[in-house]
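Okay, so here's the structure we're looking at.
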């Protein structure tokens, strides 16, 4: 029998109204030109459920039982790198045959989504303790203190490097058309090394490092560019200089030079590239340079200088960029179970979304609180493990 058209909501309401007015099912059917059995079914539904509307339907039964859902959820919770094929095989051994799509849909309903694993610094217990100490010491620092810091770092920019993603509109079989491809060469086609600095008031100087950097060259770079940057940025008296723990930065000669120049240096924990907000500026610079498509090293250097000078002030002033872009984008991360905090992209690292947004100092302070919580839990985990193994923790 052919499938009939479903009655409209108005027709169903009319049937109920006529029934309440005392008319019989036959009379209602003749008046509205509806079968008597349909009228009876609608009236029966109204008497039982107090509504003539369609009720929620159960739909097709789930292929995976509630027990099976718990099993695969528990499996991926213990080992997040479990593949869908592994889960399909596990369920098949338990007597349930499903597809990979069913596995994905089931885990999605449980709030689990397949994502690319994020790259984070490799942390040893000593690094965890240092990061925890740094977070606790600066947890309650006011905004004015962070605005008085000059952040610095080096980065490498390749001529044909993967500095940004690129989307194109194309047809199905046109993926290899020259307009739809990005040319690449071995080893990036050459690169340049840059040193730069910035503060909440804006970007400082950017220079190219033409030779292999050593301690003497690093001190020369600081002597020629750090103080001029501080003056140009109009830093307040007692401003703080930040650099990481590269051997050139921590050499005795460099420390002595900074002491004689009366520079106040921010103590920095090892293995913490994710804490330096200049990484986000490097990312913005590399995206802008890639869009200009330089063809040689000379053009690459010129474009880098031009784009650095054009970096918008809103990135560092209106909303000081004192946290990595990904810190704000990791709203769904389970911090308590993460090995370490999620970093912002380091040089030559993972590709992220192209949008760069300013992040306020409150986000950096909130980040320090999370570091304190995470590393405290990580230290307890390390301590418990060492105690169980009856070994001293060093």
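The values are calculated or read from the model by the stated rules, or taken from the named source; none is laboratory data. The structure presented is a predicted model; accordingly, all values stated were derived computationally and were not measured. Here the Cβ positions follow ideal geometry from the backbone for every residue, glycine too, while neighbour counts run over all protein chains shown.
Considering 192, 182, the condition of being in the same structural domain as residue 221 (by TED's automatic domain parsing), surrounded by 12 or more Cβ atoms within 10 Å (Cβ to Cβ) and assigned to a strand (DSSP E or B) is satisfied by 192 alone. From the list 170, 219, 208, the one residue that fits, being in contact (Cβ under 8 Å) with a residue 60 or more places away in the chain and touching a helix residue (DSSP H, G or I) at 6+ places or on another chain (Cβ under 8 Å), is 208. Residues that are within 27 Å of the chain's Cα centre (by Cα), assigned by TED's automatic domain parsing to the domain that holds residue 156 and surrounded by fewer than 18 Cβ atoms within 10 Å (Cβ to Cβ) do not occur anywhere in region 205-219.
Residues that are part of a helix (DSSP H, G or I) and surrounded by 11 or more Cβ atoms within 10 Å (Cβ to Cβ) within region 1-25 comprise 9, 11, 12, 13, 14, 15, 16, 17, 18, 19, 25, listed in sequence order.
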